[in-house]
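Asker: The structure is given below, and queries will be raised subsequently.
Computed from the coordinates by the stated procedures, all read-outs in this text should not be read as laboratory data. Since this is a predicted model, take the numbers as computed values, not measurements. FYI the Cβ positions are ideal-geometry reconstructions off the backbone, even for glycines, and counts take in every protein chain you see.
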Amino acid sequence: MRLSEYTDYSLRVLMYCASHPGRLVTIGELAEHHQVSKNHLMKVVNDLSRQGVIETTRGRGGGLRLLQSADRIRVGDIVRTSETDFRLVECFDPATNACTLTPSCRLKQVFGNALQAYFRELDGVTLADLVPPPAPLRAAAGRTARSTTPAAPVRVALPKRRVP
């Protein structure tokens, strides 16, 4: 399976915001850091804002930031809302399925199980798992050996991405 550039950009935006908590991040800053077009990022940011994942502030001194802590945003939820099509093969769509093997084929179930396993794996990963902790926390973690159990990730109910 291959993810679209749109999903890649969505994850990059969110990971960058998670890496810079407590401050607004600008589109220009994101574009420069990731060497990505500002126009592409604007579309991604607008969608993430409509989905309620980030908050945006317009104007001078504006920018964007996560609406929830990074440990509460699951990668699987972001991928589900960013991608438009999870039909791995033709028979996944009953409306267009013209495969003559469908009545006796077992491959669809294998692919379906693989897709479920893929999302189980992604659902076990949060944005916080993908970025290092902020510098002061890294230093503190090196000095003390505290045993803390992170809170379980909360499933983010995001609307499906609509394709124009």
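Asker: How do Lys108, Lys43 line up, fewest other C-beta atoms within 10 Å first? Mind dumping the intermediate values first?
Answerer: Details: Lys108 17, Lys43 13.
With the fewest neighbours first, Lys108, Lys43 line up as Lys43, Lys108.
Asker: Could I have the simple spin-label model distance between Thr100 and His33, label points 7 Å from Cα toward Cβ, reported in nm to one decimal?
Answerer: Spacing of the two 7 Å Cα→Cβ label points: 5.4 nm.
Asker: Calculate the spin-label point distance for Glu55 paired with Leu24, positioning each point 7 Å from the Cα along the beta-carbon direction, and give it in nanometres.
Answerer: Going by the 7 Å Cα→Cβ label model, 1.1 nm.
Asker: By count of other Cβ within 10 Å, fewest leading, how are Tyr9, Tyr118 ordered? Walk me through the numbers on the way to the answer.
Answerer: Working: Tyr9 22, Tyr118 15.
Arranged by neighbour count, lowest to highest, Tyr9, Tyr118 become Tyr118, Tyr9.
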